[in-house]
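Values in this text are rule-based calculations from the coordinates and carry no lab data. Given the structure is predicted, the values throughout are model-derived calculations rather than measurements.
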Amino acid sequence: MIGIRELRADLAAHVRRAAGGEPTLVSIAGRPAAAIVPLSALDHETATSDEGSTAAHLSSLVSSGALIPPRRADRSVPERFVTVWGNARLDRLLREIRG
């Protein structure tokens, strides 16, 4: 069992260990809170989900309040794309686009 501070300090190593088959129990304030486990230890449906089970899982997250659904559900692709440079401010880009 490792503490959350130790996990933050060396997360990549703990994920590699889990990928290698070694589970890690994470504690917060000395009490177990989570586990980092290899994907093979998960339920087959959870590890390799298809479109239907993904939608069902997302809807259960929305109904529990853990996830906020998108405002747009049409999944449409924008008509035009805007080229953005890394050092540009978002407010200035939006002002330029909106006119």
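Couplings for segment 22-35, taken from phi via the Karplus curve 6.51 cos²θ - 1.76 cosθ + 1.60 with θ = phi - 60°, read 9, x, 10, 9, 10, 10, 10, 6, x, 10, x, 10, 7, 9 Hz in order; Gly and Pro are left as x. Taking every alpha-carbon pair under 8 Å whose residues sit at least 6 apart, segment 1-40 reaches a relative contact order of 41 percent.
Close amide H contacts of A33 (hydrogens built in the peptide plane, cut-off under 5 Å, sequence separation of 5 or more or a different chain): V26, S27, I28.
Value of Rg to Rh for the chain, rounded to two decimals, is 1.14; Kirkwood radius and Rg both from alpha-carbon coordinates.
In segment 1-40, Rg over Rh equals 0.96, where Rg is the alpha-carbon radius of gyration and Rh the Kirkwood radius from pairwise Cα distances.
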